[in-house]
Structure formats: structure tokens, C-alpha cells
Amino acid sequence: MSHPSAHGIIDKPSRWPLYIQAVFWRVLMGLGMYQHKLPAPHPLKPRFVKYIDTTLSAVPGRVRLVFYTPKDHKTPGNEGKKYPCIVNFHGGGFTMGTATDDCRWATAVCEQADTIVCSVDYRLAPEHPFPTALEDSADAVMWIWDHADELGIDADR
């Protein structure tokens, strides 16, 4: 049985080598990122996750948004406070990586700049060829803007 994301390339034999290479490098990167999170100080765990439907891409799908927030975000007595938001697009050349790869950076930003960090888990190539990742990223920014109030985000900052 193939990976669910591979359904689009099963009928395209010329893309199989790309898919095999991507899986190989993603496994190695996953092992490295696991080791990256082990030493102290431990990074924040995401406070919450949202899944949004894509609207710009020709191929429908869902994108995961991972939110890291300051410790006092939506705590009793602090419900009305709005925070600036930084939208993070992880590295990996649109072929590998996940939204949680930059968790140490997100932790530092949340703690030192008192801001919300939203990391976008856009769909990866070769299963979702260019420009899908860019379209997913634009969808994420528009969704965050539209839902700023409910997320506790100050859309003016």
C-alpha cells in the first residue's frame, strides 16, 4: 500500500524516483529533527493546531497550522490581550520539513518578543508539485488574517 499523498504519482512512473528520494531524505531529516529537540532547554510544544481547507490551489486539500503562543495567551484575566503574529514557513525547498521543525526558534520568539508564531505545514513536492506550497502558504496568511480576533492576534501589528 502506498502513502496517501502518493496517489497522484502512482500513474506517473517518471515521478517515482523523485518520490523515493523525497521519502529517503524526509526520513533522515526526521531523525535529525528528533535529535535536535532532545537537549535542554526543551522547546515549547504547540499550544494548538488548526486545519484549514485550501482555496487557491487547483488541487483541493488541507493545511495544518501550528500555533506557538506566549505563556499568558488567553489565560484568566488576560483574555482580551492581542499579540502580534509571525507566520513561519519552514525550510526544506518545498520538498521536506514540517511545521514543528522550527520549534526552538518559535520558542525563542514567543518568550523574547511576546508574540504568537504560526508555523505552516504546507503540502510538499513531489506529491504536490509547485506552486502548491506557495498557494497553501497564501491560504494560511489569508486565513490567519480573517480569524485574527478569535486567535487573539492583533492584525495591525
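Just a yes or no: is a residue in the stretch 106-113 in a loop (DSSP other than H, G, I, E, B) and surrounded by fewer than 21 Cβ atoms within 10 Å (Cβ to Cβ)? No, every residue in the stretch 106-113 fails to be in a loop (DSSP other than H, G, I, E, B) and surrounded by fewer than 21 Cβ atoms within 10 Å (Cβ to Cβ).
Out of everything in the stretch 84-98 that is of a type in the set (Gly, Ala, Ser) and touching a residue at least 60 places away in the same chain (Cβ under 8 Å), what residue ends up being farthest from SER119 (Cα to Cα)? Can you show your working first?
Filtering the stretch 84-98 for residues of a type in the set (Gly, Ala, Ser) gives 91-93, 97.
Next cut, touching a residue at least 60 places away in the same chain (Cβ under 8 Å) only: 92, 97.
Details: GLY92: 14, GLY97: 11 Å.
Once the filter is applied, the top-ranked residue is GLY92.
Check whether at least one residue in the stretch 117-133 is farther than 29 Å from PRO17 by Cβ, in a loop (DSSP other than H, G, I, E, B) and either in contact with a Pro (Cβ under 9 Å, 6 or more places away or on another chain) or open to solvent by 10 Å² or more (accessible area, probe 1.4 Å) (or both), and report yes or no. So that I can check it myself, show each step before the final result.
Filtering the stretch 117-133 for residues farther than 29 Å from PRO17 by Cβ gives 117-119.
Next cut, in a loop (DSSP other than H, G, I, E, B) only: none.
Within the stretch 117-133 (the criterion being farther than 29 Å from PRO17 by Cβ, in a loop (DSSP other than H, G, I, E, B) and either in contact with a Pro (Cβ under 9 Å, 6 or more places away or on another chain) or open to solvent by 10 Å² or more (accessible area, probe 1.4 Å) (or both)), the answer is no, since none of the residues qualifies.
Just one of (1) surrounded by 13 or more Cβ atoms within 10 Å (Cβ to Cβ); (2) modelled with pLDDT of 75 or more fails for PRO39. It is (1). Tell me whether the stretch 84-101 contains one or more residues that are surrounded by fewer than 20 Cβ atoms within 10 Å (Cβ to Cβ) and over 16 Å from the mean Cα position of the chain (by Cα). Yes, there is a match, as at least one residue in the stretch 84-101 is surrounded by fewer than 20 Cβ atoms within 10 Å (Cβ to Cβ) and over 16 Å from the mean Cα position of the chain (by Cα).
The values are calculated or read from the model by the stated rules, or taken from the named source; none is laboratory data. Quantities reported herein were computed from a predicted structural model and do not represent experimental measurements. Reconstructed Cβ throughout: ideal geometry from the backbone, glycine too, with neighbour counts over all protein chains shown. The accessibility values were calculated without ligands, DNA or RNA, using every heavy atom of the protein model including side chains. Shrake-Rupley method; radii C 1.70, N 1.55, O 1.52, S 1.80 Å.
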